[in-house]
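Visitor: Take a look at the following structure, please.
The values are calculated or read from the model by the stated rules, or taken from the named source; none is laboratory data. Because the structure is predicted, anything quoted here is derived from the model rather than measured. When we count neighbours, we look across all protein chains shown, and the Cβ atoms used for this are built from the backbone with ideal geometry, even at glycine.
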Amino acid sequence: MNNPVRVRYAPSPTGYPHVGNIRTALFNWLFARHCGGSFILRIEDTDVTRKVEGAVAAILDSLRWLGLDWDEGPQVEGKYGPYFQSQRLELYREAAERLISQGNAYYCYCSPQRLEEMRAEQVRHKQPPGYDRHCRNLSREEQSQKEAEGITPVVRFKTPLAGQIKFNDLIRGEVVFENNTIDDFVLLKSDGYPTYHLASVVDDHLMEITHVLRAEEWLSSTPRHLLLYHAFGFEPPQFAHLPMLLGTDRAKLSKRHGAVSITEYCEQGYLPQAMVNFLALLGWSLDDRTEILSRQELIKNFSLERVSRTAAIFNRDKLDWMNGVYIRSLTADEFFE
Ligand code: GLU
Ligand code: ZN
């Protein structure tokens, strides 16, 4: 495992970049710069219904504002491109077809109405939610009949019915999931777009990503990803799930806590170096005491070993204090600018 480190920040352009997303970008960037590796930017724009106009530009601008330069990605390009998932649809289709021919995936013809009734039924019987595998064993004749009816199927993964998925998260240690708690999730939607699960596994493999550093909310997706890696016969990357961000009231960070989009901080005149310093300490610390760290000091000292498992608190007062420290350290010329 002496491959050069390759990490990615993989935002979905479904809105303006949230401070939590940018914290993820920063940790990936610091890890890459610390290890002398590559930081890749990949735009996960496969959810056509949630796409927001201007979101990609806001993501690129925010990264630039903070000085988080990417080695490969939009505008920079690189040999693993394109870096927009919407330009890689053929790769996902091929991958899904390969899983079907190997017997690891199948076509599902269920209508939205049927799935809705199924869900209602599950709620009524207090059963766990999830697809009931109705199409998992359709015969060829049944499939042809559905095709003849003009139904465009989705492709679902044939999740093993028993067994476990175990992995060593670089922050949380051993994590175990029972396969029987995972349903036959969708890989390819009927519009031909992949789901997040399929696209991220295919791309992390093709882009030779070595470490996936992402927010804790994705932890429950990781067993699905590992099942896919196994089915494809790809070697999985290492995973590290970053602690959640909470407001000072310990509730999940949201609009109620003030500005959550990074662009607002830029517009309000916060200094990028203060923002970088502040974000770096949301879940990472040098020694539990040092608060002011330059970009170079952060790069030099960043390590996953010192990322905490417990949630980080986003404290606006601390940000204001830190911004003040940085502003006072500016020369008159810098301040004027
Ligand atoms: N597109 C996902 C997001 O918006 C990426 C999650 C991941 O890093 O795998 O956060
Ligand atoms: Zn079905």
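Visitor: Show the residue pairs that are 6+ apart or on different chains and have beta-carbon atoms under 8 Å apart, the first residue being within the stretch 309-337 and free of Cβ contacts under 8 Å to residues at least 60 places away in the same chain, the second being in a loop (DSSP other than H, G, I, E, B) and of a type in the set (Val, Ile, Thr).
Guide: Filtered contacts from the stretch 309-337: Met322/Ile292; Val325/Ile292.
Visitor: Pairs only if they're at least six apart or on different chains, beta carbon under 9 angstrom, first in the stretch 133-161 and closer than 17 Å to Phe185 by Cα, second in a helix (DSSP H, G or I) and within 8 Å of ligand 2 (Cβ to nearest atom); list them, first residue then second.
Guide: Note: pairs meeting the criteria are His134/Arg114.
Visitor: Starting from residues that are surrounded by fewer than 16 Cβ atoms within 10 Å (Cβ to Cβ) and of a type in the set (D, E, K, R), keep the ones in the stretch 209-239 and report whichever is nearest to Pro82 (Cα to Cα).
Guide: Checked the stretch 209-239; the qualifying residue nearest to Pro82 (Cα to Cα) is Glu235.
Visitor: What's the total number of residues in the stretch 98-120 that are of a type outside the set (A, V, I, L, M), away from ligand 2 (no atom under 12 Å from the Cβ) and under 11 Å from Lys158 (Cβ atoms)?
Guide: Result for the stretch 98-120: 3.
Visitor: Now for a different question. Filtering the stretch 1-19 down to residues that are more than 22 Å from Leu304 (Cβ to Cβ) and either at pLDDT 95 or above or touching a Lys or Arg at 6+ places or on another chain (Cβ under 9 Å) (or both), which residue is surrounded by the fewest Cβ atoms within 10 Å (Cβ to Cβ)?
Guide: Among them, the one singled out is Thr14.
Visitor: Another question about this same structure. In this structure, does Leu161 turn out to be touching a helix residue (DSSP H, G or I) at 6+ places or on another chain (Cβ under 8 Å) and in a loop (DSSP other than H, G, I, E, B)?
Guide: So Leu161 fits the description; yes.
Visitor: Just one of (1) in contact (Cβ under 8 Å) with a residue 40 or more places away in the chain; (2) out of contact with any strand residue (DSSP E or B) (no Cβ under 9 Å at 6 or more places or on another chain) trips up Leu170, so point out which.
Guide: Every condition holds for Leu170 apart from (2).
Visitor: Looking only at residues that are in a loop (DSSP other than H, G, I, E, B) and basic (Lys, Arg) in the stretch 41-87, which one is surrounded by the most Cβ atoms within 10 Å (Cβ to Cβ)?
Guide: Quick first cut of the stretch 41-87, residues in a loop (DSSP other than H, G, I, E, B) only: 42, 44-47, 51-54, 66-71, 74-76, 78-83.
In the following step, the residues that additionally are basic (Lys, Arg) were identified as 42, 51, 79.
On the way: Arg42: 26, Lys51: 15, Lys79: 6.
Only one residue tops the list, namely Arg42.
Visitor: Right, something else. Can you tell me which residues in the stretch 206-257 are small (Gly, Ala, Ser), touching a helix residue (DSSP H, G or I) at 6+ places or on another chain (Cβ under 9 Å) and either closer than 14 Å to Ile171 by Cβ or assigned to a loop (DSSP other than H, G, I, E, B) (or both)?
Guide: Passing the criteria: Ala215, Ala240, Gly247, Ala251.
Visitor: Would you tally the residues in the stretch 194-238 being within 20 Å of Tyr107 (Cα to Cα) and near ligand 1 (Cβ under 10 Å from one of its atoms)?
Guide: Qualifying residue count for the region: 5.
Visitor: Return the residues of the stretch 174-231 that are touching a residue at least 60 places away in the same chain (Cβ under 8 Å) and within 16 Å of ligand 2 (Cβ to nearest atom); say none if nothing qualifies.
Guide: Selection gives Asp184, Val186, Leu187, Leu188, Thr195.
Visitor: Against the conditions (1) within 18 Å of the chain's Cα centre (by Cα); (2) at positive phi, where does Gly233 fall short? Just the number, please.
Guide: Of everything listed in (1) within 18 Å of the chain's Cα centre (by Cα); (2) at positive phi, Gly233 misses just condition (1).
Visitor: Which residue is farthest from ligand 1 (Cβ to nearest atom), if the candidates are limited to the stretch 73-130 and must be within 20 Å of Asp184 (Cβ to Cβ) and among the aromatic types (Phe, Trp, Tyr)? Can you show your working first?
Guide: Of all residues in the stretch 73-130, those within 20 Å of Asp184 (Cβ to Cβ) come to 92-93, 95-123, 125, 127-130.
Narrowing the set further to residues that are among the aromatic types (Phe, Trp, Tyr) leaves 92, 106-107, 109.
Details: Tyr92: 14, Tyr106: 25, Tyr107: 26, Tyr109: 28 Å.
Of everything passing the filter in the stretch 73-130, Tyr109 is farthest from ligand 1 (Cβ to nearest atom).
Visitor: Here's something else I'd like to know. Being out of contact with any Cys (no Cβ under 6 Å at 6 or more places or on another chain), modelled with pLDDT of 95 or more and within 16 Å of ligand 1 (Cβ to nearest atom): is that true of Ile59 here?
Guide: Working: out of contact with any Cys (no Cβ under 6 Å at 6 or more places or on another chain): yes; modelled with pLDDT of 95 or more: yes; within 16 Å of ligand 1 (Cβ to nearest atom): yes.
So Ile59 passes the test.
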